[in-house]
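Report on one structure; see the data block that follows.
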Amino acid sequence: MMRDVLHLKELQSVESPVPVSRLGSVLTQSGRWRDQAVLVKTLVSDDPSDVARFRHEGAVAESLAHPRIVPLLAVTPRQLIFPFITGGSLREYLDGTQLDADQATAVTLGVLSGAAYLHRCGVVHQDLKPENVMLAGGEPTAAAVRIVDFGMSHARNLPLDIHSGTRMGTPHFMAPEQFQGVRGDPRSDLYSAGVLLFDALAGHPPYEDALGWLAGIRDNRAALPGPAALHPVMLAALARDPDERPGSAGAMIEAIQVAREALGLGRVTGLDG
Ligand SMILES: Nc1ncnc2c1ncn2[C@@H]1O[C@H](COP(=O)(O)OP(=O)(O)O)[C@@H](O)[C@H]1O
Ligand SMILES: [Mg+2]
């Protein structure tokens with residue numbers, strides 16, 4: 001399914017802009033445009049590799065249409081315009097609190113449902129983390145999840161592989177093989193989803209020294225949080241070897257659903273709606 005994304009030649013001016021972040025070559029602002037609240041990412045560099053990366057992010061975002069993924073509204077040569085998701089990010093929600101098993105698994109299922117769609121489209125997000133998971137309406141449910149930020153993504157059908165380590169965020173959510181330079185393996189997203197589930201339950205990620213773990217010189221993971229029924233799927237997702245992880249996002253969804261049933265929580269329904 002393709003959506004109608006507006007292609008505009010001119011830079012669009014945004015009313016009442018408020019800076020959200022500035023990451024290298026991209027300025028992110030919220031504001032109003034054509035009578036709606038929007039989030040605008042603006043390219044503020046002329047460096048050809050920055051331009052190529054920005055175009056790639058836009059091309060990936062434009063190709064996607066799924067309820068768990070933020071829809072692109074419009075593009076200009078230097079802007080990506082998204083509807084503003086009210087409710088904040090999972091990171092903001094987690095600031096100072098933890099989720100219970102019901103909430104943490106629900107949000108993880110929402111993320112995995114979006115990831116399953118991405119992987120069917122030949123896209124690997126490669127930067128799944130609480131900062132890039134918005135919660136529409138502000139409650140930690142599966143249906144609230146809106147995945148954002150395709151700035152690190154890999155797309156099978158796009159020509160460029162421009163991700164030569166020029167941008168690296170927090171290492172906590174990055175899979176070991178990504179750290180080694182492997183790109184485009186959907187199982188890297190399953191690793192990140194496992195860290196997300198861990199972090200949501202524990203209030204901190206699995207490895208204090210994430211770089212030591214990624215480099216293969218440290219293995220001392222914090223105790224697995226949450227009920228024991230969730231530990232096998234969490235452990236599998238966090239495996240250093242991608243072959244030991246769940247075989248697909250769908251398989252990980254099913255394992256979490258089975259654990260929810262064992263915990264008396266019931267399956268989360270309507271994951272795609
Ligand atoms: N559509 C949106 N609505 C509301 N907030 C958003 C939206 N998209 C992103 N954000 C917020 O802005 C932050 C930066 O956007 P993101 O696309 O992740 O850019 P960056 O490349 O700087 O990480 C996100 O972490 C999130 O908190
Ligand atoms: Mg981001």
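The values are calculated or read from the model by the stated rules, or taken from the named source; none is laboratory data. Keep in mind that this is a model prediction, so the values were computed, not measured. Reconstructed Cβ throughout: ideal geometry from the backbone, glycine too, with neighbour counts over all protein chains shown.
Quick notes
- With respect to the stated conditions, Leu23 is in contact (Cβ under 8 Å) with a residue 24 or more places away in the chain, surrounded by fewer than 18 Cβ atoms within 10 Å (Cβ to Cβ) and among the aliphatic types (A, V, I, L, M).
- Residue check, Ala61 in a loop (DSSP other than H, G, I, E, B), under 21 Å from the mean Cα position of the chain (by Cα) and closer than 26 Å to Leu135 by Cβ: no
- All of (1) within 15 Å of ligand 2 (Cβ to nearest atom); (2) in contact with a strand residue (DSSP E or B) (Cβ under 7 Å, 6 or more places away or on another chain) hold for His154 with one exception: (1).
Quick grid of which residues meet (1) outside the structural domain of Asp149 (by TED's automatic domain parsing); (2) modelled with pLDDT of 95 or more; (3) surrounded by fewer than 21 Cβ atoms within 10 Å (Cβ to Cβ):
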| residue | (1), (2), (3) |
| --- | --- |
| Asp50 | yes, no, yes |
| Ile69 | yes, yes, no |
| Leu109 | no, yes, no |
| Ser113 | no, yes, no |
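- In region 114-155, the residues that are within 11 Å of ligand 1 (Cβ to nearest atom) and more than 21 Å from Ser248 (Cα to Cα): Glu131, Met134, Leu135, Ala136, Asp149, Gly151
- Wholly within region 207-273, helices (runs of 4 or more DSSP H) carrying at least 2 residues that are in contact with a Leu (Cβ under 7 Å, 6 or more places away or on another chain) and at negative phi: 231-237, 249-262
- Matching residues in region 79-107 - criterion: being more than 15 Å from ligand 2 (Cβ to nearest atom), among the small types (Gly, Ala, Ser) and at pLDDT 95 or above: Gly87, Ala101, Ala104, Ala106
Matching residues to (1) closer than 14 Å to Val268 by Cα; (2) buried (at least 21 other Cβ atoms within 10 Å of the Cβ); (3) more than 15 Å from the chain's Cα centre (by Cα):
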{"residue": "Ile81", "(1), (2), (3)": "no, yes, yes"}
{"residue": "Thr86", "(1), (2), (3)": "no, no, yes"}
{"residue": "Thr97", "(1), (2), (3)": "no, no, yes"}
{"residue": "Asp100", "(1), (2), (3)": "no, no, yes"}
{"residue": "Phe150", "(1), (2), (3)": "no, yes, no"}
{"residue": "Ser153", "(1), (2), (3)": "no, yes, no"}
{"residue": "Arg156", "(1), (2), (3)": "no, no, yes"}
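- In region 46-63, the qualifying residues are those that are away from ligand 1 (no atom under 13 Å from the Cβ) and touching a residue at least 12 places away in the same chain (Cβ under 8 Å), and the one that is farthest from His154 (Cα to Cα) is Asp47.
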